[in-house]
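The values are calculated or read from the model by the stated rules, or taken from the named source; none is laboratory data. Just so you know, these numbers come straight off a predicted model, no measurement behind them. Here the Cβ is made from the backbone with ideal geometry for all residues, glycine too, and neighbour counts use every protein chain on show. With ligands, DNA and RNA removed, areas are computed over all heavy atoms of the protein, side chains included. Shrake-Rupley method; radii C 1.70, N 1.55, O 1.52, S 1.80 Å.
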Amino acid sequence: MSRRIPGLLSGALVLGAFAVLVVAEARRPLRREAEPKLRHDLRNLAVAGLSAATLRLLEAPVVVPLSRLVERRRFGLLQWAPPPRWLEVPLAAALMDYTLYVWHVLTHRVPFLWRLHAVHHADLDLSASTALRFHFMEMAVSVPWRAAQVALLGVGPRALSAWQSLLFASILFHHSNLRLPLWLERRLVPFLVTPRMHGIHHSILEEETNSNWSSGLTIWDRLHGTLRLDVPQDRIAIGLAAYRDPAEVTLPRILAMPFRRQRPSFLLPDGRRSRRRRSSAWSRRRAPDPAAPGHGGTG
Ligand SMILES: [Zn+2]
(Lines give C-alpha, C1' and ligand atoms only; values in the text may rest on other atoms or scores of the structure.)
Protein backbone atom coordinates (compact mmCIF):
# COMPACT_ATOMS: atom_id res chain seq x y z
CA MET A 1 0.00 0.00 0.00
CA SER A 2 1.45 3.33 -1.00
CA ARG A 3 1.35 6.11 1.49
CA ARG A 4 2.67 9.63 1.04
CA ILE A 5 3.88 11.68 3.96
CA PRO A 6 0.99 14.08 4.69
CA GLY A 7 1.68 17.57 3.33
CA LEU A 8 1.17 19.32 6.66
CA LEU A 9 3.58 17.03 8.49
CA SER A 10 6.31 17.32 5.85
CA GLY A 11 5.79 21.10 5.82
CA ALA A 12 6.23 21.21 9.60
CA LEU A 13 9.36 19.03 9.38
CA VAL A 14 10.92 21.30 6.75
CA LEU A 15 10.15 24.42 8.78
CA GLY A 16 11.52 22.77 11.94
CA ALA A 17 14.73 21.68 10.22
CA PHE A 18 15.12 25.15 8.69
CA ALA A 19 14.66 26.86 12.08
CA VAL A 20 17.22 24.57 13.74
CA LEU A 21 19.74 25.28 10.96
CA VAL A 22 19.21 29.07 11.12
CA VAL A 23 19.96 29.04 14.87
CA ALA A 24 22.97 26.73 14.37
CA GLU A 25 24.31 28.94 11.53
CA ALA A 26 24.19 31.98 13.82
CA ARG A 27 26.12 30.10 16.53
CA ARG A 28 28.71 28.37 14.38
CA PRO A 29 29.07 30.18 11.03
CA LEU A 30 31.28 28.51 8.42
CA ARG A 31 31.84 31.51 6.13
CA ARG A 32 31.76 35.22 6.88
CA GLU A 33 28.53 36.71 5.54
CA ALA A 34 28.46 39.51 2.97
CA GLU A 35 24.94 40.71 3.80
CA PRO A 36 22.95 41.08 7.05
CA LYS A 37 21.55 37.62 7.73
CA LEU A 38 17.93 38.63 8.37
CA ARG A 39 17.63 40.62 5.15
CA HIS A 40 19.32 37.83 3.21
CA ASP A 41 17.13 35.06 4.64
CA LEU A 42 13.88 37.02 4.23
CA ARG A 43 14.70 37.76 0.58
CA ASN A 44 15.41 34.10 -0.07
CA LEU A 45 12.20 33.05 1.68
CA ALA A 46 10.24 35.43 -0.56
CA VAL A 47 11.78 33.79 -3.65
CA ALA A 48 11.03 30.41 -2.06
CA GLY A 49 7.37 31.33 -1.53
CA LEU A 50 6.89 31.94 -5.25
CA SER A 51 8.67 28.67 -6.05
CA ALA A 52 6.57 26.72 -3.56
CA ALA A 53 3.39 28.13 -5.11
CA THR A 54 4.66 27.19 -8.59
CA LEU A 55 5.44 23.63 -7.45
CA ARG A 56 1.98 23.33 -5.94
CA LEU A 57 0.27 24.64 -9.04
CA LEU A 58 2.36 22.94 -11.71
CA GLU A 59 4.42 20.08 -10.31
CA ALA A 60 2.22 18.38 -7.71
CA PRO A 61 -0.86 17.99 -9.96
CA VAL A 62 1.33 16.30 -12.61
CA VAL A 63 3.98 14.33 -10.77
CA VAL A 64 1.98 12.83 -7.90
CA PRO A 65 -0.85 11.38 -10.05
CA LEU A 66 1.81 10.23 -12.53
CA SER A 67 3.61 8.25 -9.82
CA ARG A 68 0.30 6.55 -8.89
CA LEU A 69 -0.33 5.72 -12.54
CA VAL A 70 3.21 4.38 -12.96
CA GLU A 71 2.68 2.02 -10.04
CA ARG A 72 -0.80 0.93 -11.11
CA ARG A 73 0.17 0.27 -14.73
CA ARG A 74 3.61 -1.07 -13.76
CA PHE A 75 5.51 1.30 -16.01
CA GLY A 76 9.19 2.22 -15.90
CA LEU A 77 12.48 0.59 -14.91
CA LEU A 78 11.72 -0.25 -11.29
CA GLN A 79 8.30 -1.65 -12.18
CA TRP A 80 9.61 -3.82 -15.04
CA ALA A 81 12.49 -5.20 -12.98
CA PRO A 82 11.27 -4.84 -9.40
CA PRO A 83 14.01 -5.02 -6.76
CA PRO A 84 13.43 -6.79 -3.40
CA ARG A 85 10.84 -4.86 -1.41
CA TRP A 86 13.32 -3.50 1.14
CA LEU A 87 15.42 -2.07 -1.69
CA GLU A 88 12.55 -0.36 -3.54
CA VAL A 89 12.65 3.02 -1.83
CA PRO A 90 16.46 3.33 -1.44
CA LEU A 91 17.03 2.33 -5.07
CA ALA A 92 14.34 4.71 -6.37
CA ALA A 93 15.79 7.53 -4.24
CA ALA A 94 19.32 6.82 -5.54
CA LEU A 95 18.15 6.82 -9.17
CA MET A 96 16.19 10.06 -8.64
CA ASP A 97 19.32 11.51 -7.02
CA TYR A 98 21.47 10.55 -10.01
CA THR A 99 19.04 11.94 -12.59
CA LEU A 100 18.85 15.14 -10.53
CA TYR A 101 22.66 15.34 -10.81
CA VAL A 102 22.23 15.22 -14.61
CA TRP A 103 19.54 17.92 -14.46
CA HIS A 104 21.80 20.12 -12.30
CA VAL A 105 24.61 19.83 -14.86
CA LEU A 106 22.12 20.79 -17.60
CA THR A 107 20.98 23.87 -15.64
CA HIS A 108 24.60 25.04 -15.84
CA ARG A 109 25.35 23.98 -19.42
CA VAL A 110 22.18 24.95 -21.30
CA PRO A 111 22.09 28.77 -21.61
CA PHE A 112 18.30 29.01 -21.24
CA LEU A 113 18.39 26.91 -18.05
CA TRP A 114 21.44 28.74 -16.69
CA ARG A 115 19.57 32.04 -17.06
CA LEU A 116 17.13 30.65 -14.46
CA HIS A 117 19.55 28.69 -12.24
CA ALA A 118 21.87 31.73 -12.06
CA VAL A 119 19.37 33.35 -9.67
CA HIS A 120 20.21 30.61 -7.15
CA HIS A 121 23.94 31.20 -7.68
CA ALA A 122 23.77 35.01 -7.52
CA ASP A 123 23.26 34.78 -3.75
CA LEU A 124 26.21 36.57 -2.11
CA ASP A 125 25.97 34.27 0.90
CA LEU A 126 25.26 30.59 1.20
CA SER A 127 22.94 29.52 3.98
CA ALA A 128 19.98 27.20 4.59
CA SER A 129 17.69 29.80 2.99
CA THR A 130 19.73 29.57 -0.26
CA ALA A 131 18.54 25.95 -0.50
CA LEU A 132 15.02 27.33 -1.09
CA ARG A 133 16.01 30.20 -3.35
CA PHE A 134 15.14 29.02 -6.84
CA HIS A 135 13.47 31.23 -9.39
CA PHE A 136 9.85 30.15 -9.94
CA MET A 137 10.58 29.76 -13.66
CA GLU A 138 13.32 27.23 -12.86
CA MET A 139 10.74 25.25 -10.89
CA ALA A 140 8.26 25.49 -13.77
CA VAL A 141 10.68 24.24 -16.44
CA SER A 142 11.83 21.38 -14.21
CA VAL A 143 8.33 19.81 -14.19
CA PRO A 144 8.75 17.87 -17.49
CA TRP A 145 12.14 16.58 -16.27
CA ARG A 146 10.64 15.48 -12.94
CA ALA A 147 7.75 13.78 -14.77
CA ALA A 148 10.21 11.96 -17.04
CA GLN A 149 12.26 10.84 -14.01
CA VAL A 150 9.16 9.37 -12.36
CA ALA A 151 7.79 7.74 -15.52
CA LEU A 152 11.01 6.27 -16.91
CA LEU A 153 12.42 5.12 -13.57
CA GLY A 154 9.02 3.79 -12.47
CA VAL A 155 8.94 5.66 -9.14
CA GLY A 156 5.77 5.03 -7.10
CA PRO A 157 4.21 7.56 -4.70
CA ARG A 158 5.85 6.13 -1.57
CA ALA A 159 9.36 6.29 -3.05
CA LEU A 160 8.68 9.72 -4.56
CA SER A 161 7.58 11.11 -1.23
CA ALA A 162 10.58 9.57 0.58
CA TRP A 163 12.99 10.98 -2.03
CA GLN A 164 11.44 14.46 -1.80
CA SER A 165 11.83 14.48 1.99
CA LEU A 166 15.43 13.22 1.84
CA LEU A 167 16.29 15.76 -0.85
CA PHE A 168 14.84 18.58 1.21
CA ALA A 169 16.81 17.58 4.29
CA SER A 170 19.96 17.24 2.18
CA ILE A 171 19.74 20.60 0.38
CA LEU A 172 18.93 22.47 3.60
CA PHE A 173 21.96 20.85 5.22
CA HIS A 174 24.55 21.32 2.47
CA HIS A 175 23.59 24.90 1.63
CA SER A 176 23.76 25.86 5.31
CA ASN A 177 26.48 28.09 6.67
CA LEU A 178 27.07 25.64 9.48
CA ARG A 179 30.63 24.99 10.65
CA LEU A 180 30.81 21.28 11.33
CA PRO A 181 33.92 19.92 13.00
CA LEU A 182 36.39 19.11 10.24
CA TRP A 183 36.71 15.49 11.35
CA LEU A 184 32.94 15.02 11.04
CA GLU A 185 32.76 16.61 7.61
CA ARG A 186 35.65 14.43 6.41
CA ARG A 187 33.77 11.34 7.54
CA LEU A 188 30.51 12.44 5.90
CA VAL A 189 31.78 13.69 2.55
CA PRO A 190 32.67 10.28 1.04
CA PHE A 191 28.93 9.57 1.14
CA LEU A 192 26.89 12.77 1.50
CA VAL A 193 27.15 16.32 0.16
CA THR A 194 28.38 18.56 2.98
CA PRO A 195 28.39 22.36 3.49
CA ARG A 196 32.10 22.74 2.67
CA MET A 197 31.77 20.60 -0.45
CA HIS A 198 28.76 22.52 -1.78
CA GLY A 199 30.38 25.85 -0.88
CA ILE A 200 32.93 25.17 -3.64
CA HIS A 201 30.07 24.81 -6.17
CA HIS A 202 28.90 28.32 -5.23
CA SER A 203 32.32 29.93 -5.80
CA ILE A 204 32.57 32.90 -8.18
CA LEU A 205 35.33 30.98 -10.02
CA GLU A 206 33.99 29.07 -13.00
CA GLU A 207 36.32 26.09 -12.60
CA GLU A 208 35.13 25.68 -9.00
CA THR A 209 31.44 26.13 -9.84
CA ASN A 210 31.84 23.40 -12.45
CA SER A 211 32.25 20.79 -9.74
CA ASN A 212 30.23 19.19 -6.93
CA TRP A 213 26.90 18.93 -8.74
CA SER A 214 25.49 16.17 -6.53
CA SER A 215 22.46 16.99 -4.37
CA GLY A 216 22.41 13.99 -2.04
CA LEU A 217 25.01 11.27 -2.51
CA THR A 218 28.55 12.28 -3.49
CA ILE A 219 29.05 9.11 -5.54
CA TRP A 220 27.79 10.82 -8.73
CA ASP A 221 30.50 13.48 -8.60
CA ARG A 222 33.06 10.78 -7.92
CA LEU A 223 31.89 8.65 -10.84
CA HIS A 224 32.00 11.64 -13.20
CA GLY A 225 35.30 13.02 -11.86
CA THR A 226 33.63 16.27 -10.84
CA LEU A 227 34.29 16.12 -7.10
CA ARG A 228 36.47 18.92 -5.68
CA LEU A 229 37.44 19.24 -2.06
CA ASP A 230 40.67 21.21 -2.43
CA VAL A 231 39.42 24.72 -1.69
CA PRO A 232 39.30 26.02 1.90
CA GLN A 233 36.10 27.95 2.67
CA ASP A 234 37.85 31.16 3.73
CA ARG A 235 39.28 31.40 0.19
CA ILE A 236 35.89 31.17 -1.50
CA ALA A 237 33.95 34.24 -2.64
CA ILE A 238 30.33 33.07 -2.84
CA GLY A 239 28.14 34.18 -5.73
CA LEU A 240 28.57 35.12 -9.39
CA ALA A 241 31.53 37.24 -10.50
CA ALA A 242 29.23 39.46 -12.58
CA TYR A 243 27.02 40.40 -9.60
CA ARG A 244 29.17 41.47 -6.66
CA ASP A 245 27.19 44.53 -5.61
CA PRO A 246 24.36 43.84 -3.09
CA ALA A 247 22.34 46.63 -4.76
CA GLU A 248 22.22 44.48 -7.91
CA VAL A 249 20.82 41.39 -6.23
CA THR A 250 17.82 42.84 -4.41
CA LEU A 251 14.53 40.91 -4.52
CA PRO A 252 13.01 42.72 -7.53
CA ARG A 253 16.27 42.49 -9.45
CA ILE A 254 16.81 38.76 -8.94
CA LEU A 255 13.19 38.03 -9.89
CA ALA A 256 13.70 40.03 -13.09
CA MET A 257 17.18 38.60 -13.76
CA PRO A 258 16.20 35.77 -16.17
CA PHE A 259 14.22 38.18 -18.33
CA ARG A 260 16.99 40.75 -18.74
CA ARG A 261 20.11 40.84 -20.89
CA GLN A 262 22.61 38.35 -19.44
CA ARG A 263 26.10 39.32 -18.39
CA PRO A 264 28.92 36.79 -18.71
CA SER A 265 28.41 35.26 -15.25
CA PHE A 266 32.05 34.48 -14.52
CA LEU A 267 33.57 37.82 -15.51
CA LEU A 268 33.95 40.52 -12.87
CA PRO A 269 32.17 43.84 -13.60
CA ASP A 270 35.48 45.26 -14.93
CA GLY A 271 35.65 42.42 -17.46
CA ARG A 272 38.50 40.57 -15.75
CA ARG A 273 38.30 36.86 -15.01
CA SER A 274 38.69 36.27 -11.32
CA ARG A 275 41.57 33.89 -10.51
CA ARG A 276 43.27 32.42 -7.48
CA ARG A 277 46.25 30.16 -7.15
CA ARG A 278 45.86 26.69 -5.68
CA SER A 279 46.17 26.64 -1.91
CA SER A 280 46.25 24.15 0.89
CA ALA A 281 43.14 22.00 1.10
CA TRP A 282 40.72 21.23 3.86
CA SER A 283 40.79 17.69 2.64
CA ARG A 284 44.00 16.54 1.02
CA ARG A 285 42.25 14.12 -1.24
CA ARG A 286 40.69 15.48 -4.37
CA ALA A 287 38.24 12.61 -4.31
CA PRO A 288 38.18 10.55 -1.13
CA ASP A 289 38.44 6.88 -1.89
CA PRO A 290 35.88 4.94 0.13
CA ALA A 291 37.97 1.82 -0.31
CA ALA A 292 41.00 3.37 1.38
CA PRO A 293 41.30 2.60 5.07
CA GLY A 294 40.78 5.63 7.29
CA HIS A 295 39.65 7.79 4.38
CA GLY A 296 38.79 11.32 5.31
CA GLY A 297 40.24 10.90 8.79
CA THR A 298 43.56 12.50 8.06
CA GLY A 299 44.81 15.62 6.32
ZN1 LIG B 1 24.28 24.94 -9.39
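Remarks
- Conditions (1) within 16 Å of the ligand (Cβ to nearest atom); (2) more than 24 Å from Leu15 (Cα to Cα); (3) in contact (Cβ under 8 Å) with a residue 24 or more places away in the chain; number of the one not met by Val70: (1)
- Yes/no for Leu55 being within 24 Å of His175 (Cα to Cα), more than 16 Å from the ligand (Cβ to nearest atom), in contact with a helix residue (DSSP H, G or I) (Cβ under 7 Å, 6 or more places away or on another chain) and open to solvent by 60 Å² or more (accessible area, probe 1.4 Å): no
- Count of region 126-137 residues, restricted to those that are open to solvent by 10 Å² or more (accessible area, probe 1.4 Å) and more than 12 Å from the ligand (Cβ to nearest atom), is 3.
- Any hit, region 146-157, residues being more than 19 Å from Tyr98 (Cβ to Cβ) and touching a residue at least 12 places away in the same chain (Cβ under 8 Å): yes
- In the condition set (1) over 30 Å from Met257 (Cβ atoms); (2) touching a Gly at 6+ places or on another chain (Cβ under 6 Å); (3) not β-branched (Val, Ile, Thr), Leu91 is compliant with all but (2).
- Number of the condition not met by Ala17 [criteria: (1) open to solvent by less than 70 Å² (accessible area, probe 1.4 Å); (2) not in a helix (DSSP H, G or I)]: (2)
- The set of residues in region 173-229 that are of a type in the set (Lys, Arg), assigned to a helix (DSSP H, G or I) and open to solvent by 20 Å² or more (accessible area, probe 1.4 Å) comprises Arg186, Arg187, Arg222.
- Summed over region 147-172, residues that are within 16 Å of the ligand (Cβ to nearest atom) and open to solvent by 10 Å² or more (accessible area, probe 1.4 Å) total 3.
- Looking only at residues of region 196-212 that are under 12 Å from the mean Cα position of the chain (by Cα) and within 11 Å of Thr226 (Cα to Cα), we find that the one that is farthest from the ligand (Cβ to nearest atom) is Asn212.
- Whichever residue in region 230-242 is among the charged types (D, E, K, R) and in a helix (DSSP H, G or I) and, among such residues, is farthest from Leu172 (Cα to Cα): Arg235
- Subset of region 232-241 that is touching a residue at least 40 places away in the same chain (Cβ under 8 Å) and out of contact with any Phe, Trp or Tyr (no Cβ under 8 Å at 6 or more places or on another chain) - its residue that is most open to solvent (accessible area, probe 1.4 Å): Asp234
- Looking only at residues of region 82-123 that are open to solvent by less than 10 Å² (accessible area, probe 1.4 Å) and out of contact with any Ser or Thr (no Cβ under 9 Å at 6 or more places or on another chain), we find that the one that is nearest to Ala52 (Cα to Cα) is Val119.
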